[in-house]
Amino acid sequence: MTDPSTPARAWVFGDDVDTDQIIPSRFIVSSDPDDLGQHPFNDLRPEFSESVERGEFVVGGHNFGSGSSREHAPLSLVGAGVAGVVARSFARIFFRNAINLGLAVLICPDADRIADGDEISVHLDDGTVVNHTADETYDAEPLPPFLQDLVERGGLVPYTKSKLSED
Amino acid sequence: MTGKTLAEKILAEKSGTDARAGDYVEAAVDVMMAHDVTGPLAFQTFREVTGDDAELFAPERTVLTIDHHAPADGVQAANNHNSVRGFAAEFGAVQYDVGDGICHQVLIEDGFVAPGDLVVGADSHSTTFGGVGAFGTGVGSTDLGTAFATGELWFRVPETKRFEVAGDLPDGVYAKDLILKFIGDVGFAGATYDAVEFGGEAIRGLPIHERIVLSNMTIEMGGKAGLVEPDERVARFLAAGNGDVRAADVDTSLAPDDDAEYDARFTYEGSEIDPQVSKPSNPENAVPVTAVEGTEIDQLFVGTCTNGRYEDIRLVADVLEGERLHPDVRMVVVPASKAVYRKALESGVLETLIDAGAIFQTAGCGPCFGTHSGVLGDGDVCLATANRNFPGREGSMESSVYLASPATVAASALYGEITDPRAVETRRYDDYRVADREGVSS
């Protein structure tokens with residue numbers, strides 16, 4: 001996973017960006033992150049899949065990732081090399097899937113202060129988002145302890161593996 | 001200490017903890033489900049966590065369906081189907097194939113889900129199971145793949161919002177109208193992270209096939225689960241179903257405590273509810289049908305896990321009996337399961353609809369998945385009994401989808417434009433609500 005504390009470009013989206021828009025149905029015949037990573041936002045914003053670079057960020061408004069439970073949505077962002085997603089709020093299943101996959105997601109009430117193309121960095125340790133272009137720092141909601149523990153163990157797969165080996 | 005909501009009670013039972021809203025618990029899962037889109041990724045996770053000695057925790061409660069790309073619309077989809085079949089054969093999971101029907105429908109039909117169960121499905125509409133009093137919730141493939149191996153998952157115990165409807169619903173108004181109104185009132189994200197309870201006299205009076213509609217669309221307000229308190233009607237419904245896998249001894253004693261703590265309560269008077277239509281491109285854009293009457297449509301779609309049950313299709317047939325679709329529209333009917341298809345065939349409903357000019361397709365998700373079976377082109381307008389009308393949901397990003405009840409879709413089919421179902425003889429709808437009392441299960 002790319003380090004989100006390295007400053008990089010933000011791609012800004014609006015409210016209620018749903019999973020169909022993140023990865024249209026016709027592309028989810030594959031479960032391979034590299035394949036899926038070719039197509040995020042293919043219909044909504046085609047230039048994203050053409051020119052996003054590893055380490056860049058997606059910034060959403062309210063209710064980012066609403067709709068389907070398809071994990072292909074966060075997985076396509078992982079495949080495209082996105083370092084993290086910052087949004088004013090997330091849909092539940094998307095948020096959970098992203099954590100399970102180890103994709104950095106932060107709920108940030110000030111996400112609307114980030115403009116398309118701004119250079120930002122995301123700091124999970126202290127729960128902040130730095131906007132280097134605007135020279136501002138925004139507080140984000142820290143993950144609850146249970147989820148921090150899950151993330152520290154590397155996500156749900158390593159967590160479950162270690163649990164199974166204890167049994 | 002206050003009492004508990006339905007969600008807190010189920011998660012307390014399954015986790016062996018007190019399970020109050022806000023707690024994180026690890027809970028035993030009763031049924032685990034994936035389909036042809038989300039299954040392959042879950043299989044990868046399962047293999048990764050289990051390694052060489054892979055074994056399903058509970059193969060008889062691990063259910064795989066092939067419903068989204070059914071029949072396969074391309075080689076990759078067909079390969080995914082083979083991956084589902086191969087996994088089921090290798091590990092002994094229960095498997096449904098092309099044409100058997102939509103995951104949520106077949107699980108309920110075949111008695112996999114009983115009141116009080118905790119059900120996880122790698123499909124967001126797994127909230128559907130709340131219609132029979134189960135905590136059903138949608139998860140991703142990583143969650144599901146690990147649950148396959150361990151039979152449990154982590155959950156945050158949700159706060160609960162309660163919707164109560166007093167009195168009776170007027171003619172022409174159905175559960176679909178209620179849920180569209182609720183979503184319109186609280187918004188598309190209005191119940192994010194929350195469980196939702198549906199109660200009150202009008203909801204207690206709903207047959208199971210309608211309660212399921214409420215639970216199914218709870219995800220369209222962001223809800224984690226949508227529960228209707230189970231009663232004797234659920235027990236009769238499950239007993240009349242196709243299977244007795246787990247429903248043989250249905251406990252209907254589950255109820256929220258009188259002093260349960262709710263995040264919010266919303267109360268309605270049933271008689272004041274109008275038929276609703278959700279305008280493009282979000283389910284929250286619900287308006288009374290009168291606000292969009294006359295909107296011209298190109299396609300009508302009757303189906304999906306929301307309203308593709310026998311009673312829904314029969315209602316449409318009752319309205320269209322002896323009539324023809326308006327010449328400017330086409331109607332795609334996709335039964336939610338093979339059992340629904342068979343009932344439509346044997347009861348003459350299929351013939352009625354074919355005579356009226358409709359097209360019947362293989363049981364499954366149909367065009368709601370947006371890749372096959374009647375997708376929309378640029379500029380097309382569809383009125384659907386489906387649950388979502390996001391941009392491009394049923395095909396072109398330049399198409400529009402309106403959501404409504406089967407009654408509104410049927411009335412609109414006659415006129416080629418969105419039509420108030422109350423304008424069409426309402427006696428035609430009478431049987432709809434009593435259907436499962438006659439032992440006609442969805």
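The values are calculated or read from the model by the stated rules, or taken from the named source; none is laboratory data. All figures in this text were calculated on a predicted structure; none of them were measured in a lab. Cβ atoms come from the backbone with ideal geometry, glycine included; neighbour counts cover every protein chain shown. With ligands, DNA and RNA removed, areas are computed over all heavy atoms of the protein, side chains included. Shrake-Rupley method; radii C 1.70, N 1.55, O 1.52, S 1.80 Å.
Quick look at the values:
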| read-out | value |
| --- | --- |
| Rounded if a/c under 1.5, otherwise prolate or oblate - segment B:50-109, Cα gyration tensor axes | oblate |
| DSSP beta bridge pairing in chain B, given as percent antiparallel to the nearest 5 | 20 percent |
| Highest-fluctuation residue, B:412, B:141, B:271 considered, GNM on chain B with Cα pairs under 10 Å | B:271 |
| Nearest-20 debye value, segment A:1-118 charge dipole, Cβ charges on Lys, Arg, Asp, Glu | 340 debye |
| Value of relative contact order over segment A:1-145, rounded to a whole percent, pairs C-alpha under 8 Å and six or more apart | 27 percent |
| Amide N proximity, segment A:1-16 versus residue A:116 label position 7 Å along Cα-to-Cβ, cut-off under 19 Å | A:8-16 |
| DSSP-defined beta bridges in segment B:21-161 - what % are antiparallel, rounded to 5 | 30 percent |
| Cubic angstrom per residue, convex hull over Cα atoms of segment B:206-314 | 170 Å³ |
| Fraction of accessible area attributable to carbon and sulfur, segment B:268-373 (%, probe 1.4 Å) | 42 percent |
| Residue among B:239, B:154, B:331 farthest towards the positive dipole end of the protein assembly as shown, charges placed on Cβ | B:239 |
| Kirkwood-type radius of segment B:9-135, with distances r between different C-alpha atoms, in Å | 15.4 Å |
| Cα Rg over Rh - chain B, Kirkwood | 0.95 |
| Overall form of chain A per C-alpha gyration tensor (a/c, 1.5; a/b vs b/c) | oblate |
| For segment B:300-314 and segment A:22-56, distance of Cα centres in Å | 33 Å |
| Span from the segment B:76-133 Cα centroid across to the segment A:92-108 one, whole angstrom | 25 Å |
| Other-chain or far-sequence residues with amide H under 5 Å of residue B:227's (modelled H) | B:196, B:197, B:198 |
| Choice from B:243, B:74, B:111 with maximal GNM fluctuation in chain B (Cα, 10 Å cutoff) | B:74 |
| Mean Cα-pair separation over length for chain B, i.e. relative contact order, pairs under 8 Å, 6 or more apart, % | 18 percent |
| Within 10 Å of each Cβ in A:150-162, the average number of Cβ atoms from other chains | 4 |
| Cβ charges +1 (Lys, Arg) and -1 (Asp, Glu), total dipole of the protein assembly as shown, debye | 860 debye |
| Percentage of interatomic Cα-Cα distances in segment A:70-133 larger than 15 Å | 51 percent |
| Residue among A:4, A:151, A:39 farthest towards the positive dipole end of segment A:1-152, charges placed on Cβ | A:39 |
| Over 20 Å (Cα to Cα) - which of B:224/B:338; B:4/B:224; B:279/B:338 fall in this group | B:224/B:338; B:279/B:338 |
| Convex hull volume of the protein assembly as shown per residue (C-alpha atoms, cubic angstrom) | 138 Å³ |
